[in-house]
1. Rounded to the nearest 0.05, what FRET efficiency do THR120 and ASN89 give with R0 = 30 Å and r taken as the Cβ-Cβ distance? Could you check?
2. Translational diffusion coefficient, Stokes-Einstein: compute it for segment 35-98 using the Kirkwood radius over C-alpha pairs as Rh, at 37 °C and 0.692 mPa s, and state it as an integer in µm² s⁻¹.
3. Expressed as a rounded percentage, what relative contact order does segment 97-219 have, with Cα pairs under 8 Å and six or more residues apart?
4. Taking the solvent-accessible surface of protein heavy atoms with a 1.4 Å probe, what is the per residue accessible area of segment 154-219 in Å²?
5. Give LYS105/LYS189; LYS53/LYS180; LYS105/LYS173; LYS71/LYS142; LYS95/LYS190 a once-over and call out the pairs whose C-alpha atoms are over 32 Å from each other.
6. Using a 1.4 Å probe on the protein heavy atoms, what percent of the accessible area of segment 122-219 belongs to carbon and sulfur?
7. Please give every one of the aspartates and glutamates within straight-line cross-link reach of LYS110, meaning a C-alpha to C-alpha distance under 17 Å, and leave out same-chain neighbours fewer than 8 residues apart.
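The values are calculated or read from the model by the stated rules, or taken from the named source; none is laboratory data. Just so you know, these numbers come straight off a predicted model, no measurement behind them. Cβ: placed from backbone, ideal geometry, glycine included. Neighbour counts: every protein chain shown. Just so you know, the surface numbers come from the protein's heavy atoms only, side chains and all, with ligands and any DNA or RNA stripped out. Shrake-Rupley method; radii C 1.70, N 1.55, O 1.52, S 1.80 Å.
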Amino acid sequence: MAIIKNGVNGTVSGKAGSVVFVLTKTGNYVRSLPRVKKREPTPEQLLSRTRFKIVRSHISMLNPIINIGYKAYSYPKRAYDVAMSYNLNEALIQKEDDFVVDWQKFMIAKGSPNPITSYTMDFDQENQVIRATWEYDVYLEKKFNTRSYDSFLILYNAEDNGGEYPLLMNDSKDSLISGKQNVKIPKHKKEVTYEVFIFFVESYGGGNTDSMHLGKIKV
């Protein structure tokens, strides 16, 4: 906004429309505002934006879980930021001018090594329950004292962010050494594919294990 000093016959300073009034020792001047050149993004910049957009869309949907799974690992940084950085660097596969997520490497939790050595996963359609069972490495369980950690079994609908139930998890939590965990599945109007993850969290304290991707399941 231009300002007139000392009445209508006074000096003018500031911006008006596409020009700017400049007051100097030698007098008043009018200059055109510099044109802002909008440069087209380079192919590298477009790729970088694509990478960021893909990971951000998933981390945003998973944020309630990220805040649990990265809480201790990220301190004193934000869990969201650390999860973004990790998965940008580790969990993307480039295919020409696009990227796809490598769900085996995508981590919704970071901590001590996940001790699971083998597992099964089944969907009981009659009772609408997904049941995961596992065996674990006793050495890792003892080394990191995770035997009483609670299990978090996470189902994430990565293909349809507008789905009825984009994120599901177990209400009651079994321990690592129980070797089992169920998740109740609500009735769906259409078939949905979920990415399934599991990790373990200390009941009282800040410790947790890495997440492990158990695969996909259709419900």
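1. The pair THR120/ASN89 has a calculated efficiency of 0.45.
2. In µm²/s, the coefficient is 247.
3. Computed over segment 97-219, the figure is 32 percent.
4. Numbers: 3100 Å² over 66 residues.
Ligands and nucleic acids excluded, the result is 47 Å² per residue.
5. Listed pairs above 32 Å: LYS53/LYS180.
6. On segment 122-219, the fraction of accessible area on carbon and sulfur atoms equals 46 percent.
7. The reachable aspartates and glutamates, counting only those whose Cα sits under 17 Å from LYS110, are ASP81, GLU90, ASP102, GLU141, ASP150, GLU202, ASP210.
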